[in-house]
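Data first, discussion second: the structure below is written as structure tokens.
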Protein chains: 2
Amino acid sequence: MAERFRGVITPILTPFDDDLGVARDLYLAHARASLAGGAHYLAPFGTTSEAASLSLRERTQLLELLVTSGAAKARQLMPGTGLCSLEETACLTRHAVDLGCAMVLVLPPWFYVNAGDDGLYRYFSLLIERVGSDDLKICLYHIPQLAGIGISPALAARLNVVFPETVVALKDSSGDWENTRAVIEAAPGLSVFPGSERFLCDAVRLGGGGCISASCNSNVTAIRALYDLAVAGRWSKAEAARRPIEAHRKALEAGGLIPALKSLKAQQTGDARWLNLRPPLENADPALGPVVAATL
Amino acid sequence: MAERFRGVITPILTPFDDDLGVARDLYLAHARASLAGGAHYLAPFGTTSEAASLSLRERTQLLELLVTSGAAKARQLMPGTGLCSLEETACLTRHAVDLGCAMVLVLPPWFYVNAGDDGLYRYFSLLIERVGSDDLKICLYHIPQLAGIGISPALAARLNVVFPETVVALKDSSGDWENTRAVIEAAPGLSVFPGSERFLCDAVRLGGGGCISASCNSNVTAIRALYDLAVAGRWSKAEAARRPIEAHRKALEAGGLIPALKSLKAQQTGDARWLNLRPPLENADPALGPVVAATL
């Protein structure tokens with residue numbers, strides 16, 4: 001039986017210098033802090049990382065930098081590697097596997113919003129064949145409100161059944177608990193991670209994996225404590241711990257998640273570079289940080 | 001005043017070998033045939049080209065191949081260069097400009113479905129700044145039903161007013177004539193190309209540029225003749241010419257455009273490689289070709 005991935009996973013922010021190059025010093029400090037704060041894994045190149053705005057070269061270089069700098073061990077990393085081109089997705093995935101990463105987070109090819117489950121099945125099975133490594137562990141990434149195309153519970157189950165040692169997890173960022181529940185039920189072999197700690201307890205109760213959540217960028221210690229309570233089955237304590245975490249999440253969402261997180265980091269570090277986002281996203285408003293900080 | 005782009009433009013199909021590598025022999029033959037058939041320009045790497053499934057390396061290599069093989073002159077090419085990463089979009093765009101291409105077709109960064117006009121304006125203006133060439137001519141690519149984000153008439157007008165020598169055209173693949181009309185009215189400095197010859201006459205009548213249409217892959221000579229009638233103001237002849245063209249378009253659409261076109265090419269050339277599509281799209285049904293051929 002495949003190793004079961006569990007835990008609290010931070011899809012780490014990508015800070016940018018004023019010329020919009022990656023601010024490597026801030027990046028490494030942030031990665032270290034998130035692991036020190038309690039994250040089990042880091043997921044570089046998720047949505048919160050502005051991954052779609054990064055080039056292939058930046059992704060491979062940053063992943064290597066995380067490891068060579070000692071900011072993270074490769075087995076603590078599950079980078080996003082899903083692009084629209086199968087060849088490029090295979091290239092990034094192979095690089096992550098060769099580096100020793102724990103897992104990869106793979107979006108469906110998101111320009112093809114009308115593709116069906118059979119076409120997506122062919123895409124993922126060809127990806128697995130091309131990477132051709134027993135070390136490959138895939139976390140499917142379901143975020144239909146941005147990708148325009150999702151991973152249905154039936155497709156997730158089919159991939160897990162055919163590739164039980166490879167397709168081992170799913171991140172559900174739909175924000176729809178009924179979908180998360182449906183995937184857990186349809187594909188009991190998968191570790192299912194809600195995209196928000198809002199559903200962490202519900203997911204753990206049904207055997208889900210934990211969470212991969214934007215708010216782990218600002219609140220990882222509290223979310224880790226909540227996870228530990230849930231795993232221990234201390235549900236009433238968990239319920240009490242959940243309330244302030246939820247209030248912080250709501251404040252982040254009201255500020256648009258990435259801008260709110262970056263504004264908060266700018267305030268906490270005193271480094272205004274944290275306010276930079278790559279276009280088409282707009283720079284963060286410095287006034288957001290204090291509003292969000294008040295909920296911590 | 002900027003040069004006015006006009007004409008019939010083929011977003012050329014990309015044929016694949018059975019291992020899903022690009023079938024270069026079929027590609028070049030198809031490009032030559034489309035120009036010989038009457039296309040003013042070729043647009044490699046549009047939606048019909050399965051552009052999102054091609055890697056950056058494939059795009060630069062194929063563009064160079066079209067020119068070095070003599071299949072097309074650089075000034076007959078307007079490749080798609082829009083990716084989600086500004087750096088990679090700038091890289092492909094610079095390559096096309098350096099090669100001498102007439103224009104580039106640029107999608108908005110399509111993972112960012114919630115980006116606003118200000119963010120998109122910043123994206124395109126930074127792209128123009130980074131490419132930094134007077135030879136750069138941009139055709140904005142509006143296809144919101146796949147990209148999840150579009151180019152509003154107001155944004156198109158703003159970009160054309162600020163960069164009148166650079167942002168010179170727009171391809172409207174929304175299929176919504178009211179939107180096409182709104183862009184022509186809002187941005188009279190732009191050459192507006194409907195994504196279907198269905199609206200060619202209406203567009204030319206209002207000063208639009210012609211069309212950039214998938215069906216130019218199978219029916220370019222008839223569409224070119226229609227364009228010539230429209231430009232000459234021979235509207236009643238054009239109306240008569242439009243009917244069979246429209247019937248063919250409908251047959252292609254019923255077959256899902258790319259599979260229908262590829263199945264037709266397989267039939268016409270006797271080469272079954274034309275049936276191959278890259279996943280997540282599924283291979284074309286050979287039975288489609290004869291159905292579509294009957295409308296030619």
If each label sits 7 angstrom from Cα along the C-beta direction, how far apart, in nm, is residue A:185 from its counterparts in the other copies? 5.0
Debye, to nearest 20: dipole size of region A:141-243, +1 on Lys, Arg Cβ, -1 on Asp, Glu Cβ: 280
How much space per residue, in cubic angstrom, does the convex hull of the C-alpha atoms of region A:1-159 take up? 116
Put a label point 7 Å from Cα along the Cβ direction on residue A:57, then list its distances to the equivalent points in the other copies in nm, shortest first. 1.4
Please order B:162, A:192, B:8 by the number of other Cβ within 10 Å, starting at the fewest. B:162, B:8, A:192
FRET efficiency, 1/(1 + (r/R0)^6) with R0 41 Å, evaluated for residue A:69 and residue B:75 via beta carbons: 0.30
Run the label-point distances for residue B:268 please: 7 Å along Cα to Cβ, every other copy, nanometres, shortest first. 5.9
Given 20 Å bins starting at zero, what is the percent of C-alpha pairs of the protein assembly as shown in each, up to the one with the largest pair distance? 20, 51, 26, 3
Counting only Cα atoms, I'd like the Rg/Rh figure for region A:40-88, Kirkwood definition for Rh. 0.96
Lys/Arg +1, Asp/Glu -1 at C-beta; chain A dipole; positive extreme among A:45, A:196, A:294: A:294
Counting other Cβ atoms within 10 Å of each Cβ, which GluC sites (Glu not before Pro) in region A:1-108 have at most 13 and sit in a DSSP loop? A:3
Work out the length of the dipole vector of region A:179-296 about its Cα centre, built from +1 on the beta-carbon of each Lys and Arg and -1 on the beta-carbon of each Asp and Glu, and round it to the nearest 20 debye. 160
Under the span-like rule (Cα at least 20 Å along the axis, Kyte-Doolittle mean at least 0.0), DSSP H helices of chain B: B:216-231
For region B:8-62 and region A:78-116, what is the separation of their Cα centres, given in Å? 24
Run a plain Debye calculation on region B:118-202 (Cα atoms as equal point scatterers, no solvent) and give log10 I(q)/I(0) at q = 0.14, 0.20 Å⁻¹, rounded to two decimals, same order as the q list. -0.44, -0.88
Distance violations [Cα-Cα > 22 Å] among A:171/A:265; B:137/B:171; B:73/B:250; B:171/B:237; A:73/A:137; A:137/A:250: A:171/A:265; B:73/B:250; B:171/B:237; A:137/A:250
Treating the beta-carbon of each Lys and Arg as +1 and of each Asp and Glu as -1, no other charges, what is the dipole magnitude of chain A about its Cα centre, to the nearest 20 debye? 760
Distance histogram for chain A (every C-alpha pair counted, 5 angstrom bins, percent rounded to whole numbers): 1, 6, 13, 17, 20, 18, 14, 8, 3, 1
D_trans [Stokes-Einstein, Kirkwood Rh over alpha-carbon pairs] for region B:143-184, 37 °C, 0.692 mPa s, µm² s⁻¹: 305
Please report the residue of chain A with the smallest beta-carbon distance to the A-to-B rotation axis, and give that distance in Å, no decimals. A:148, 2
Project the alpha carbons of region A:205-254 onto their principal axes and report the range along each, largest first, in whole Å. 30, 20, 18
Can you tell which of A:159, A:206, A:233 lies farthest toward the positive end of the dipole of region A:144-248, using +1 and -1 charges on the Cβ of basic and acidic side chains (Lys, Arg; Asp, Glu)? A:233
Of all DSSP beta bridges in chain B, what percent run antiparallel (nearest 5)? 5
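Roughly what % antiparallel, to the nearest 5, for the DSSP beta bridges in the protein assembly as shown?
Taking every DSSP beta bridge with both residues in the protein assembly as shown, the antiparallel ones total about 5 percent.
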Can you check what the Kirkwood hydrodynamic radius comes to for region B:221-296, Cα pairs only, in Å to one decimal? 13.4
From the C-alpha coordinates alone, can you work out the Kirkwood hydrodynamic radius of region B:125-257, in Å? 15.5
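No value in this document is a laboratory result; all are computed from the given coordinates. The model shown is predicted, which means the values in this text are computed figures rather than measured ones. In this analysis, Cβ positions are derived from the backbone assuming ideal geometry, glycine residues included, and neighbour counts consider all displayed protein chains.
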